[in-house]
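This report concerns only the one structure given below.
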């Protein structure tokens, strides 16, 4: 692991040297693409090992309701990544007109399928379907996204058993910080956005890493002043270039979860992708930052695969990989 | 409700005038004893109404393992308060040597008992018993302390169904703030201590009230500086007079959850009770503070009774009382 981190750090330094020669501040780019690739290589070896010792191939069941273009893209990317590490994946696609009972039945089938170790219900679901009811139907030990009550509660509680899986984007943020040796214990972390999928669980994970966490949201006052206190900023608000360079403490670390399309006539597609943080401004101030794209996105998918491998291990009685922070103490 | 709050505010003002004539700063004492009394009166009326309309008496099952003196005291106080509002209470007492299976069996019996609407397992349990396993056995719709996975997760998640009950001390802190009209939305709240019983759930509740919450703990650095940013401070660390007056922002509100015995030769008992906040110093700076005792303690018990009445209402199909903040939007 240490050797691997060393390699990655060297790679990250190269990236800085190659791509940011114009930057005055020596900012470190937290390369999610390279880190995710390293994780996929590790997972590939684990999958091969489980197959060898237990004759079991980890299986991911993906349930997609409707045909939202972004959801189709995400599902395709997840399936491709699963395939790369040797995880078998099975798709269930229902029309947008499917009833709640149809979706519940599809989840129940995946729960009962011995070839499936992790179930992913691609969100958002059509508005006539009660999302919390569907997520609650997923068996906690096949909950590839860590969204069911039991895994959510185990994440926020101290002591007691560990979650069987943790939400993938939050886990990806923290894994990236840890692989780049960014200190968290005792440090101030500010999370922007309190969604169930990113903001709230990443706050819980950072707290489990002994950070002092402040969670900001749409009702928060004086957000720039609060961000200025942070050693680590996690931006997950979905507003293009919302966090300005002047908001950031010199030397801070920024994890940008946002991925927003903004009009750009100079691009062939007519748009470009930007994060929730103004990258050029932030790069002048902070010591480390994730790029968009190529930061949190690839890490999210790697953590999904990691969850599936872990759930498979648990199903055959193998020890699961340790979780970050104090969660590592849980069994 | 508004008239009742008005009466309580008048009462609180009287308390200030009567008891704190020597204070220079016009601090408001958040009188938990008087507020809890008002809540018990409300609950008494609700219990009478449920009996009249549905012929059902709310029932609280209290499970005590061992004979810790503090636990015996707490259980007695809770039973007395339940009795006062017309809640039937039933005690199950097991010896400290009881096995985990004995305790699980006792919980299962209470789960199955139609006379019992809320179950309280007095913590801490003897160290040979897995606390999380016992709490997880309590049926979520009889979970008087709001400690089971389902209720914990429903508290921290946005949207989806509301928790059937919320942890009593956190609910007591927030109820007290709300009855004294202390604004929370957009304000900075700092919670000291991250226990499962107080710190973590009160942070979640304050966030549901749209406060911007920072959770400090034993690994946090520069705690006084963080506390100085807070409009509302919740102290739950169990260290006598830990928070000094110099840490507090002028005009802040302090909720002191601590109750610590410190040696005092001038007292007949040889000790006096103090909170986690240096009351005399804090009173010179803040605009409102809870006394210790007579602050959060009585509120905790009132919230337990409120949970039992709510669980009873749910069991007969009556609407439950709304929860604070954004939880009020949940159904």
Being surrounded by fewer than 20 Cβ atoms within 10 Å (Cβ to Cβ), more than 27 Å from residue A:239 (Cα to Cα) and either touching a residue at least 24 places away in the same chain (Cβ under 8 Å) or within 9 Å of chain B (Cβ to nearest Cβ) (or both) narrows it down to one residue among A:181, A:143; which is it? A:181
Filter the range A:92-104 down to residues that are loosely packed, with under 13 Cβ neighbours inside 10 Å and not in a loop (DSSP other than H, G, I, E, B), then give me how many there are. 1
Of B:219, B:230, which residue is part of a loop (DSSP other than H, G, I, E, B), out of contact with any helix residue (DSSP H, G or I) (no Cβ under 6 Å at 6 or more places or on another chain) and surrounded by 24 or more Cβ atoms within 10 Å (Cβ to Cβ)? B:230
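Within the bounds of the range A:271-278, is there any residue that is in the same structural domain as residue A:192 (by TED's automatic domain parsing), without any contact (Cβ under 8 Å) to a residue 40 or more places away in the chain, surrounded by fewer than 17 Cβ atoms within 10 Å (Cβ to Cβ) and over 16 Å from the mean Cα position of the chain (by Cα)?
Looking only at the range A:271-278, we keep the residues that are in the same structural domain as residue A:192 (by TED's automatic domain parsing), and these are A:271-278.
From what is left, the residues that are without any contact (Cβ under 8 Å) to a residue 40 or more places away in the chain are A:271-274, A:278.
Pick out the ones that are also surrounded by fewer than 17 Cβ atoms within 10 Å (Cβ to Cβ) and you get A:271-272.
After this cut, where a residue has to be over 16 Å from the mean Cα position of the chain (by Cα) as well, the list is A:271-272.
So far as the range A:271-278 goes, yes, one or more of its residues are in the same structural domain as residue A:192 (by TED's automatic domain parsing), without any contact (Cβ under 8 Å) to a residue 40 or more places away in the chain, surrounded by fewer than 17 Cβ atoms within 10 Å (Cβ to Cβ) and over 16 Å from the mean Cα position of the chain (by Cα).
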May I ask you to list the residues in the range A:185-202 that are closer than 30 Å to residue A:132 by Cβ, touching a residue at least 24 places away in the same chain (Cβ under 8 Å) and either surrounded by fewer than 24 Cβ atoms within 10 Å (Cβ to Cβ) or in contact with a strand residue (DSSP E or B) (Cβ under 9 Å, 6 or more places away or on another chain) (or both)? A:189, A:190, A:191, A:192, A:193, A:195, A:196, A:197, A:198, A:199, A:202
Quick one: which of A:319, A:250, A:293 is surrounded by fewer than 18 Cβ atoms within 10 Å (Cβ to Cβ), in the same structural domain as residue A:208 (by TED's automatic domain parsing) and more than 20 Å from the chain's Cα centre (by Cα)? A:250
Take the residues in the range A:233-247 that are outside any loop (DSSP other than H, G, I, E, B) and more than 17 Å from the chain's Cα centre (by Cα); name whichever of them is surrounded by the most Cβ atoms within 10 Å (Cβ to Cβ). A:243
Given B:24, B:39, B:116, which one is at pLDDT 95 or above, assigned to a loop (DSSP other than H, G, I, E, B) and on the phi < 0 side of the Ramachandran plot? B:116
Restricting to the range A:53-70, what's the tally of residues that are modelled with pLDDT of 95 or more, farther than 14 Å from residue A:309 by Cβ and not in a loop (DSSP other than H, G, I, E, B)? 5
Given the condition outside the structural domain of residue A:193 (by TED's automatic domain parsing) and surrounded by fewer than 19 Cβ atoms within 10 Å (Cβ to Cβ), answer yes or no: does some residue in the range A:303-314 qualify? yes
Would you tally the residues in the range B:150-175 being farther than 24 Å from residue B:32 by Cα, in a helix (DSSP H, G or I) and more than 10 Å from every other protein chain (Cβ to nearest Cβ)? 0
Which condition number does residue A:328 fail, the rest of (1) outside any loop (DSSP other than H, G, I, E, B); (2) in contact with a helix residue (DSSP H, G or I) (Cβ under 8 Å, 6 or more places away or on another chain); (3) over 28 Å from residue A:74 (Cα atoms) being met? (2)
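The values are calculated or read from the model by the stated rules, or taken from the named source; none is laboratory data. Quantities reported herein were computed from a predicted structural model and do not represent experimental measurements. In this analysis, Cβ positions are derived from the backbone assuming ideal geometry, glycine residues included, and neighbour counts consider all displayed protein chains.
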